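Coordinate-derived values only; no laboratory data. Since this is a predicted model, take the numbers as computed values, not measurements. Every residue, glycine as well, gets a Cβ built from its backbone with ideal geometry; the counts of neighbours run over all protein chains shown.
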Amino acid sequence: MPDWLKPGWLLGLFALIFIFLLAFTYEQTRERIAIQEQLRLEAQLKEILVAGSYDNEPATDVLEIEGDKRTVYRARLQGQPVAALFKTVAKDGYSGSINLLVGIKPNGELLGVRALAHRETPGLGDEIDLRRSDWVLDFAGRSLRNPMPDDWAVKKDGGVFDAFTGATITPRAVVGEVKKTLIYFQAHQHELFQ
Amino acid sequence: MSTPNVSDILYQGLWKNNPGLVQLLGLCPLLAVSNTFINALGMGMATTLVLTSSNFVVALSRPVLREEIRIAIFVLVIAGFVGVVELVMNAYFYELYLILGIFIPLIVTNCIIIGRAEAFASRQPLWAATLDGFVMGLGFTLVLLLLGSMREIVGSATLFADAHLLFGEWGQHMSISFGEDARGILLFALPPGAFIGLGLLVAIKNVIDEKLSKPKTVAVQISSPTTADASA
């Protein structure tokens, strides 16, 4: 082999070794990673759903809404709809996107709202997190009739929802996204449970 | 470069040339994920694992390593191991993996790792390089833990919160909270707290160094303790 080719071969050899190492690790962990993700999803759905109110596996009863970037998990009891759980994103948080889970009953009432992932300021915006404060619990039982759509805003914007001291942007984003989801649900309710 | 002995390597990694306090390398993860003890521990372990493995492989391949492609090989080795660590954490410490998020793949860019590969592992025997990788990682982890505990106690008024992410069930009982309503000083949970905390730690180390070297200063003029080592 000519001398000038050796570095190339060596580099290729190293690349090959690490490709195999990574592929092997990936194969070994793939199943467990899938299980972990599924477990986390189920745990999140159970936070909102009332135990015993459904008899299917909502985590596997999935509807992906194309173009809208929402995922819907459906809970049913003997085939009848119990709740639609939307995984949705409020894009206008203070530090990027806030991933939300919004549970809605067939009558349009909110079952509950949870912040799944966010990067809001600790101590200020992170009160949307149930571990920090019970602010999100206020959503349960609300609907587009309670309050009326025009009042679906934080108090600072003339609505009915509390904002935290020093952080208006975060609750505003969450309230806005929950409202959007409710409106979406109202418009597409019949397709959602097919 | 002559081969250092074991105590040399320990002294360099843990104190004299500590990556967090003296070399000040890898500041990005050090400052970013040191907001709680458990985050710091997870990050420290991941970094130590990558650093030890990469030093091991670099030293192992020393006989065939060529000058012109060594940096490319280092990067390949480091990126490969970070990929492995990321997958393993994703599988076994899923929630911690979600919290540390982008900082796991960013271990690739941690200068300590390529720095040790270039400055030490590629010139030393296998055992010394592996030990050096582990000890440097340990030194980095200890600083992370100190900073993490400091910031968690002052910033959030808790310690070992979310320990179950790393230790499973029994970690639930490790968490210490300083009073129900204690919220801590927010500044320390935020990025400025990381800079202030690290500054304090560096200052404390310098004071200790100065105290230790006092007897000698009577006879010899000694330059500032950090500047001589920082370039290593």
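Annotations for the structure displayed:
Table: residues versus (1) more than 14 Å from chain B (Cβ to nearest Cβ); (2) under 30 Å from A:Ile104 (Cβ atoms); (3) surrounded by 13 or more Cβ atoms within 10 Å (Cβ to Cβ).
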residue	(1), (2), (3)
A:Asp3	no, no, no
A:Leu10	no, no, yes
A:Glu27	no, no, no
A:Arg32	no, no, yes
A:Ile35	no, yes, no
A:Leu41	no, yes, yes
A:Leu63	yes, yes, yes
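- Taken over region B:71-96, the criterion of being in contact (Cβ under 8 Å) with a residue 40 or more places away in the chain and at the interface with chain A (Cβ under 8 Å from one of its Cβ atoms) is satisfied by B:Val77, B:Glu95.
- For the condition within 14 Å of another protein chain (Cβ to nearest Cβ) and either touching a residue at least 60 places away in the same chain (Cβ under 8 Å) or farther than 26 Å from A:Leu144 by Cα (or both), A:Ala84 does not qualify.
- Enumeration of residues in region A:101-125 that are small (Gly, Ala, Ser) and buried (at least 17 other Cβ atoms within 10 Å of the Cβ): A:Gly103, A:Gly112, A:Ala115, A:Gly123, A:Gly125
- Applying the criterion of at least 1 residues that are in contact with a Ser or Thr (Cβ under 7 Å, 6 or more places away or on another chain) to the helices (runs of 4 or more DSSP H) found wholly in region B:48-120 leaves B:70-92, B:111-119.
- All of A:Gly176, A:Gly125 fail the test of being more than 14 Å from chain B (Cβ to nearest Cβ) and either touching a Pro at 6+ places or on another chain (Cβ under 9 Å) or closer than 28 Å to A:Glu42 by Cα (or both), apart from A:Gly176.
- The residues in region B:97-110 that are at the interface with chain A (Cβ under 10 Å from one of its Cβ atoms) and buried (at least 21 other Cβ atoms within 10 Å of the Cβ) can be counted, and the count is 1.
- Members of region B:28-37 that are assigned to a helix (DSSP H, G or I) and either within 14 Å of chain A (Cβ to nearest Cβ) or not hydrophobic (A, V, I, L, M, F, W, C) (or both): B:Pro29, B:Ala32
- The set of residues in region A:4-38 that are basic (Lys, Arg) and within 21 Å of B:Leu60 (Cβ to Cβ) contains only A:Lys6.
- Region B:12-27: number of residues that are more than 18 Å from B:Phe188 (Cβ to Cβ), assigned to a helix (DSSP H, G or I) and within 11 Å of the chain's Cα centre (by Cα): 2
- Residues of region B:125-169 satisfying the condition of being within 14 Å of chain A (Cβ to nearest Cβ) and in a strand (DSSP E or B): B:Thr158
- Qualifying residue in region A:141-159 (condition: out of contact with any strand residue (DSSP E or B) (no Cβ under 9 Å at 6 or more places or on another chain) and within 14 Å of chain B (Cβ to nearest Cβ)): no
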